[in-house]
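Taking it in order: structure first as structure tokens, then the write-up.
The values are calculated or read from the model by the stated rules, or taken from the named source; none is laboratory data. Bear in mind that the values here come from a model prediction, so they are computed numbers and not experimental data. FYI the Cβ positions are ideal-geometry reconstructions off the backbone, even for glycines, and counts take in every protein chain you see. Surface accessibility is based on the protein's heavy atoms, side chains included, excluding ligands, DNA and RNA. Shrake-Rupley method; radii C 1.70, N 1.55, O 1.52, S 1.80 Å.
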Amino acid sequence: MFKAIVGASTLQDALDSVSVLVDECKIRLNEGELAIRAVDPANVGMVDLALDTAAFESYTADDGVIGVNLSKLEDFIGMASGDQLVELELDEETRKLNIQMDGLSSTLALIDPDSIRQEPDIPDLDLAAEIMLEGAQLDRGIKAADMVSDHVRLRVASDTEAYHIEAEGDTDDVDFRLDTDDLIALTAGEADSLFSLDYLKDMNKAIPKDAEVTIELGQEFPVKVHYGIAEGYGEITYMLAPRIQSD
Amino acid sequence: MFKAIVGASTLQDALDSVSVLVDECKIRLNEGELAIRAVDPANVGMVDLALDTAAFESYTADDGVIGVNLSKLEDFIGMASGDQLVELELDEETRKLNIQMDGLSSTLALIDPDSIRQEPDIPDLDLAAEIMLEGAQLDRGIKAADMVSDHVRLRVASDTEAYHIEAEGDTDDVDFRLDTDDLIALTAGEADSLFSLDYLKDMNKAIPKDAEVTIELGQEFPVKVHYGIAEGYGEITYMLAPRIQSD
Amino acid sequence: MFKAIVGASTLQDALDSVSVLVDECKIRLNEGELAIRAVDPANVGMVDLALDTAAFESYTADDGVIGVNLSKLEDFIGMASGDQLVELELDEETRKLNIQMDGLSSTLALIDPDSIRQEPDIPDLDLAAEIMLEGAQLDRGIKAADMVSDHVRLRVASDTEAYHIEAEGDTDDVDFRLDTDDLIALTAGEADSLFSLDYLKDMNKAIPKDAEVTIELGQEFPVKVHYGIAEGYGEITYMLAPRIQSD
């Protein structure tokens, strides 16, 4: 069984982080947390979401899995205004999710979890550099890179202790450089990898501009991007596979 | 002859209520009021608009009819800012409407009224239930229904004295319920009818969110939706034919 | 060589005035000013821009010419917020323009100036009437004309000392009239010319609503429209060829 009450914006932030990568996903309704893990069809970008029961007004679940169409669920939740409470209840018999909010009762048909792409294993990586910055800074770097290329190079210059978001187009280049003064924190280390900009743009859409974002970066290795939601009771981790650097 | 001065926003509100249903209409320039009655090409939705002379700064007319292209007329009126006055004058000879506002004189060619669909008779119905609610509540119910279906069921539950805006999709359902606390007034009665959502959405576009809207509802009968504009000197009534309920 | 520091919005206003007419242009980097002259492919609309060195925080140039893709350059400058400073530096060797702003370094490849349409000669015309008005008034007149036609007649009625922006559609007309009270200044004279509305709409896009715009107008002659930017240290002049009046 599953029954929970949660603020609409908490749920929206959580679902947004997943829906930028996939259309459908499995939601794990565990005793201690609600969790989602998903990977995009090309197996390039992954998301791992954990929302602690403390992020809910009330939460009861015994370990189960449901499959949902994310855009439909987001539409339904979107009928609530930001701080309004939403009640979710699983109807085990009909395999539908009942969604209640101030006057509005909705019933969302669930999807057979077995029909949804398998949840990925999030590899445990030891990445040399860790950059902590505001969501707004990441956004600015991604926008700049997008003007000239569809790839972006993330790099830590260990000599100057600066973080670079760089892009090389056919004729034009950009280099967005954040010094330790511009960053919340930096653990320098050998770190230089190339990524598809499309994926980073999608992930960036979901990251609040005022979030404290942590980027773990290595040498031609996947990047980990994580940030907290719901006053720290929720944690979202993206992982993105690198592109091979041609030079 | 016809000559009138009126606030731009009053005229816009009046014309908007008609243009959501039809592109062209006849405007009756009567001594006591300006009136429009129109029905959509499929004969499903009707609008009846009456704007009392008291809604005008000045008004002189001897009973006449003109035909107008609504989007053109709305474009012209739209050149005025909200509370600016607009002067309308009919040139009988050229069959054109002169529209004057602060510095701008426009001349709009009229349409032969005989070429415009006949004005409908608005049937006098005795509908069992009457619901009075804020435009914003109606808007919310229609938005919710629109997520799952292209039909909507309006219903009064006479036992609980609640008004329901319901929709049943292929897999998902919504039920937007307004209790007497949420309503301005309710006269309960046997009332349950199904309508095309497209028409209600069009009507809803014209209804101000802060309007007091009255809905008269019966058992598989047309619905009447009316509200006032121009501080009560204007009244708009929509009538919408029901769809046959299949269950 | 060329090296300059300038407020982002000053540069944006200057470039916008040119990019509404052409996609690429030559920029003359003279000792005393930065200057652009361009004509649209159909040879109907011209723009002449001069930005005095006093509009810059710092400016060093020895007479040179660079060719730029305007939308790319505007994208790059657009990464700065309004009052942020932008540093431009020409790399003579690579023929690239280095653009620096708070953390972001971009390199824009230049275009061979010889591949860009020749700069037009701006004819020195003696136009009988001069109208000075707010950008917002011109905008209103152009919007009104656009409702009924794709041509617009600019006219000074020397008897009434009024300036008219008029348009005649197939069935509808508009006449936007500004009396001396509505204008900043008027030098009346025989002036009545017809213009393509598309060009005026493009020019109007670049003209700030609060700019003091001067219109020099003659009898079936080109019109000159000019206004200042950068607190008077920049001047933009449009010239637009007339259409032949058919009546």
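In the stretch B:116-145, which residues are closer than 19 Å to B:Val47 by Cβ and out of contact with any helix residue (DSSP H, G or I) (no Cβ under 7 Å at 6 or more places or on another chain)?
Hits for the stretch B:116-145 are B:Ile116, B:Arg117, B:Gln118, B:Glu119, B:Pro120, B:Asp121, B:Ile122, B:Pro123, B:Asp124, B:Leu125, B:Leu127, B:Gly135.
Taking the stretch C:168-185 as the search range and keeping residues that are more than 16 Å from B:Met101 (Cα to Cα) and assigned to a strand (DSSP E or B), which one is farthest from the other protein chains (Cβ to nearest Cβ)?
Checked the stretch C:168-185; the qualifying residue farthest from the other protein chains (Cβ to nearest Cβ) is C:Ala185.
Given the structure, is B:Glu119 in a loop (DSSP other than H, G, I, E, B) and either within 12 Å of chain C (Cβ to nearest Cβ) or charged (D, E, K, R) (or both)?
For B:Glu119, the condition - in a loop (DSSP other than H, G, I, E, B) and either within 12 Å of chain C (Cβ to nearest Cβ) or charged (D, E, K, R) (or both) - is met.
Tell me which residues, restricted to the stretch A:226-247, are in contact (Cβ under 8 Å) with a residue 40 or more places away in the chain, closer than 18 Å to A:Val18 by Cα and touching an Asp or Glu at 6+ places or on another chain (Cβ under 9 Å).
Scanning the stretch A:226-247 gives A:Tyr227, A:Ile229, A:Ala230, A:Tyr233, A:Gly234, A:Glu235, A:Ile236, A:Thr237, A:Tyr238, A:Met239.
If you scan the stretch B:208-232, which residues turn out to be more than 10 Å from the chain's Cα centre (by Cα) and of a type in the set (Ser, Thr, Tyr)?
B:Thr214
Might you let me know whether the stretch A:195-207 holds any residue that is within 20 Å of the chain's Cα centre (by Cα) and in a strand (DSSP E or B)?
Checked the stretch A:195-207: at least one residue is within 20 Å of the chain's Cα centre (by Cα) and in a strand (DSSP E or B).
Considering the stretch B:40-63 alone, what residues qualify as being closer than 21 Å to B:Asp121 by Cβ and among the small types (Gly, Ala, Ser)?
B:Ala42, B:Gly45, B:Ala50
Hey, among the residues in the stretch B:206-230 that are under 16 Å from B:Thr10 (Cα atoms) and among the charged types (D, E, K, R), which one's surrounded by the most Cβ atoms within 10 Å (Cβ to Cβ)?
The extreme case among them is B:Lys209.
Among the candidates C:Thr107, C:Thr53, which residue alone is over 30 Å from A:Asp146 (Cβ atoms) and of a type in the set (Val, Ile, Thr)?
On inspection, the qualifying residue turns out to be C:Thr53.
Of all the strands (runs of 3 or more DSSP E) wholly in the stretch B:6-109, which have at least 1 residues that are closer than 30 Å to B:Ser196 by Cβ, within 14 Å of chain C (Cβ to nearest Cβ) and open to solvent by 20 Å² or more (accessible area, probe 1.4 Å)?
Counting at least 1 such residues, we get B:24-29, B:64-69.
Hey, among C:Glu168, C:Glu161, which residue is open to solvent by 40 Å² or more (accessible area, probe 1.4 Å) and within 16 Å of C:Ala128 (Cβ to Cβ)?
C:Glu161
Restricting attention to the stretch B:138-152, which residues are within 14 Å of chain A (Cβ to nearest Cβ) and touching a residue at least 60 places away in the same chain (Cβ under 8 Å)?
Residues satisfying the conditions are B:Leu138, B:Asp139, B:Ile142.
Any idea which residue in the stretch C:231-247 is surrounded by the fewest Cβ atoms within 10 Å (Cβ to Cβ), counting only those that are at pLDDT 95 or above and among the hydrophobic types (A, V, I, L, M, F, W, C)?
Looking at the filtered set, the residue picked out is C:Ala241.
C:Asp114 - would you say it is assigned to a helix (DSSP H, G or I), away from every other protein chain (no Cβ under 14 Å) and modelled with pLDDT of 95 or more?
Yes; evaluated as a whole, the condition is true for this residue.
Regarding A:Ser149, is this residue part of a loop (DSSP other than H, G, I, E, B), more than 24 Å from A:Glu33 (Cα to Cα) and either open to solvent by 50 Å² or more (accessible area, probe 1.4 Å) or not assigned by TED's automatic domain parsing to the domain that holds A:Ser17 (or both)?
Taking the combined requirement at face value, the residue satisfies it.
So, of the residues in the stretch B:122-146 that are among the charged types (D, E, K, R) and not in a helix (DSSP H, G or I), which turns out to be surrounded by the fewest Cβ atoms within 10 Å (Cβ to Cβ)?
Restricting to residues being among the charged types (D, E, K, R) and not in a helix (DSSP H, G or I), the top hit is B:Asp124.
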